[in-house]
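Colleague: Mind having a look at this structure? Questions to follow.
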Amino acid sequence: MPVRIGIIGAGSAVFSMRVVGDLIRTNELSGSEVVLMDIDRERLNAVEILANRLIDEFGSDLKFRKTTSLEDAIDGSDFVINTALVGGHEYLEKVRAIGEKYGYYRGIDAQEFNMVSDYYTISNFNQLSYFVEIAKKIAQLSPHAWLIQAANPVFEGTNLITRAVPDVKVVGFCHGHHGVLKIAEKLGIDTNKLDWQVAGFNHAIWLNRFVYDGENAYQMLEKLRKEAWTPKTPFDDQLSPMAFEMYDFYGMMPIGDTVRNSSWRYHKSFSEKLKWYGWPWGGADSEIGWKWYEETLRITVSIIEKLAKAARKSKDRIFTRENLERFAKENNFPKEAFDEFFAIVEGKSGEQHIPFIKAITNGKPERLVVNVKNEGAIADIPDDVVVEVPVIVDEKGIHREKIDPPLNDKVIRLYLYPRMMRMEMAIRAFLEKDIRYIYEMLYRDPRTESEGQVKAVIREIVNLPENKKMKEHYGLK
Ligand code: NAD
């Protein structure tokens with residue numbers, strides 16, 4: 001059945017292409033229309049050209065349209081995917097530098113259990129505000145539509161939306177749970193015989209069930225603990241000393257980005273990060289690891305631009321592994337930078353957005369891991385808090401699996417509770433227009449030495465020209 005999908009922040013190039021790549025292979029959604037929306041016309045044009053080229057080369061009857069109007073992308077859509085980053089990575093770096101000037105290593109948004117470097121919950125007011133604006137526009141223009149939240153912070157964002165615009169059907173997506181498959185691959189076990197569950201919050205999920213061929217497979221992790229380990233990229237941390245340290249302390253294995261989200265003890269300096277996340281990057285969230293990631297993103301944007309130029313010039317086929325490899329060589333791009341593109345071409349994007357849309361539209365049940373209101377899925381977590389759990393999706397909606405065995409009380413009370421408390425402070429600050437919550441978050445921060453430091457760092461951030469609305473929102477002078 002054809003649907004209409006609006007993608008906001010469609011210039012987030014690889015993401016859009018992954019969605020397109022998945023759509024092309026989904027016959028059940030043929031005839032669908034995709035409205036690509038972004039404020040950056042250059043990125044938007046390049047993505048549109050390549051999306052259309054993918055359609056031509058793979059023979060699909062999807063239709064693409066581009067727009068710079070948010071209303072246009074939302075009005076009439078059945079699904080709205082938000083992947084926009086307001087202010088871009090440049091803003092994040094600017095604010096991180098201000099934080100560091102005042103003694104906050106890696107910036108004020110790097111917080112205990114939330115170290116992911118583009119997961120700003122305190123200072124990207126414009127991002128949170130955009131989440132609410134999108135949700136309100138959906139409620140007004142396409143109240144039947146699903147809002148698929150891919151932009152970060154997914155945890156704060158989905159909780160904010162469910163409270164600010166309760167009638168909108170919002171669901172958050174992340175691919176962190178793929179960490180389970182990485183473990184299985186390393187163990188060399190057949191994933192068809194693996195029965196697993198993860199549960200928690202976004203970037204805070206734990207392996208509560210790990211059964212292989214009918215047997216508890218947790219003891220197989222011991223084999224991996226003993227193996228020599230060096231990371232292949234800054235993100236390669238699923239089997240790092242940090243992962244096992246968290247496993248030993250909490251009694252369950254942290255999965256995916258959760259490993260990045262340990263406490264300050266492990267993040268307080270680059271040398272500490274090196275110890276726990278491995279040489280030479282010290283993980284994705286060190287100054288070196290994040291630089292690596294930003295450079296990778298820059299290369300990707302430049303590949304997209306060059307590929308779009310090539311597509312404009314010639315009708316020669318682009319999207320085969322062989323042709324992409326040749327293109328990489330001719331343009332001096334590192335071959336690894338094309339892994340994402342190979343995955344798109346070969347249908348292995350791993351993203352859940354299109355499987356979700358297919359299941360909701362055509363009813364064939366899909367098992368996915370999504371962010372939805374708890375409503376009893378995790379015992380001891382309030383019903384109205386959004387959790388990341390395995391679900392079955394069909395035309396009736398999202399059905400949460402019973403989390404069995406339950407998360408242990410250490411994970412719930414020592415990890416999820418403090419993480420939930422930070423989410424509460426961030427979104428209460430926003431909803432109640434009360435800066436005191438933000439000050440309070442910083443007073444509780446181990447890097448804070450004085451009240452003056454807290455006030456000064458916030459003053460400098462809200463006085464940035466792009467934060468005029470934030471300053472007004474909090475009534476600051
Ligand atoms: P990016 O800056 O490369 O792309 C974001 C896009 O948003 C840009 O094209 C930009 O022009 C656009 N944009 C900015 N303001 C906009 C607005 N007001 N309206 C429409 N579009 C706007 O960023 P990225 O690295 O691709 O990351 C995008 C988001 O996705 C971030 O929040 C990031 O944290 C998140 N992310 C989520 C996952 C996940 O699994 N959920 C994985 C990776 C990244």
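What follows is calculated from the coordinates using simple rules that are stated; it is not laboratory data. These numbers were taken from a predicted model, which means no experiment stands behind them. FYI the Cβ positions are ideal-geometry reconstructions off the backbone, even for glycines, and counts take in every protein chain you see.
Colleague: Have a look at G376, I344, P365 and report the one farthest towards the positive end of the charge dipole of segment 248-390, computed about the Cα centre with Cβ charges (Lys/Arg +1, Asp/Glu -1).
Modeller: Result: I344, furthest along the dipole toward the positive end.
Colleague: Give, in nm to one decimal, the length gained when the segment between K275 and N192 is fully stretched (0.36 nm per residue of separation minus the Cα-Cα distance).
Modeller: My answer for the length gained is 26.4 nm.
Colleague: Return the long-range amide H neighbours of V387 (sequence gap of 5 or more, or a different chain), with a cut-off of under 5 Å between placed amide H atoms.
Modeller: Long-range HN contacts for V387: V372, K373, N374.
Colleague: May I have the pair-distance distribution P(r) for the chain, computed from all Cα-Cα distances with 10 Å bins from 0 and rounded to whole percent?
Modeller: The distribution over the chain is 4, 19, 30, 29, 15, 2, 0, given as percents.
Colleague: Next question, about the same structure. Could you work out the relative contact order of the chain, using alpha carbon pairs under 8 angstrom and six or more residues apart, expressed as a whole percent?
Modeller: Value for the chain: 16 percent.
Colleague: I want the antiparallel fraction of DSSP beta bridges within segment 1-155, as a percent rounded to 5.
Modeller: 5
Colleague: Still on this structure: Of all beta bridges DSSP finds with both residues in the chain, what is the antiparallel percent, to the nearest 5?
Modeller: Around 55 percent antiparallel, to the nearest 5.
Colleague: When the helix-only estimate is applied to the chain (DSSP H runs of n ≥ 4, each -39,500 (n - 2.57), divided by the residue count), what is the mean residue ellipticity at 222 nm, nearest 500 deg cm²/dmol?
Modeller: Taking each H run of at least 4 residues, the total per residue is -13500 deg cm²/dmol.
Colleague: Right, next: Assuming R0 = 51 Å, can you tell me the calculated FRET efficiency for the pair K410 and E330, based on Cβ-Cβ distance, to the nearest 0.05?
Modeller: Once rounded, the FRET efficiency stands at 0.40.
Colleague: Could you give the dipole magnitude of segment 178-285 about its Cα centre, charging the beta-carbon of Lys and Arg +1 and that of Asp and Glu -1, in debye to the nearest 20?
Modeller: So the dipole magnitude of segment 178-285 works out to roughly 300 debye.
Colleague: While we're here: Based on Cβ point charges of +1 for Lys and Arg and -1 for Asp and Glu, what charge dipole magnitude is obtained for the chain about its Cα centre, in debye rounded to the nearest 20?
Modeller: Computed about the Cα centre, the dipole is about 760 debye.
Colleague: Same structure again: For segment 209-274 and segment 463-477, what is the separation of their C-alpha centers, rounded to whole Å?
Modeller: 40
Colleague: Just the number, please: Stokes-Einstein D of segment 178-285 in µm²/s, Kirkwood Rh from C-alpha pairs, 20 °C, 1.002 mPa s.
Modeller: This corresponds to a translational diffusion coefficient of 152 µm²/s.
Colleague: Next question, about the same structure. K291 to E71: FRET efficiency via 1/(1 + (r/R0)^6), r the Cβ-Cβ distance, R0 30 Å, to the nearest 0.05?
Modeller: 0.20
Colleague: Can you compute the modelled spin-label distance between R444 and Q140, with each label point 7 Å from Cα toward Cβ, in nm?
Modeller: 3.5
Colleague: If each residue of separation counts as 0.36 nm, what is the full-extension length gain between H399 and K455 once their alpha-carbon separation is subtracted?
Modeller: Between H399 and K455, full extension yields an extra 15.7 nm.
Colleague: With r defined as the distance between the Cβ atoms of R317 and D61 and R0 fixed at 22 Å, what FRET efficiency is calculated, to the nearest 0.05?
Modeller: Working from the Cβ atoms, E equals 0.70.
Colleague: How far apart, in nanometres, would the label points at E33 and K182 be if each is projected 7 angstrom from Cα along the Cα-to-Cβ direction?
Modeller: The two pseudo-label positions are separated by 4.0 nm.
Colleague: For segment 381-387, what does the Karplus curve 6.51 cos²θ - 1.76 cosθ + 1.60, with θ = phi - 60°, yield as ³J(HN,Hα) per residue in whole Hz, taken in order and with x for Gly and Pro?
Modeller: These are the phi-based 3J(HN,Hα) values: 10, x, 4, 8, 8, 7, 10 Hz.
Colleague: Can I ask one more? Grab the other residues whose beta carbon is less than 10 angstrom from that of G200, score K and R as +1, D and E as -1, and report the net.
Modeller: 0
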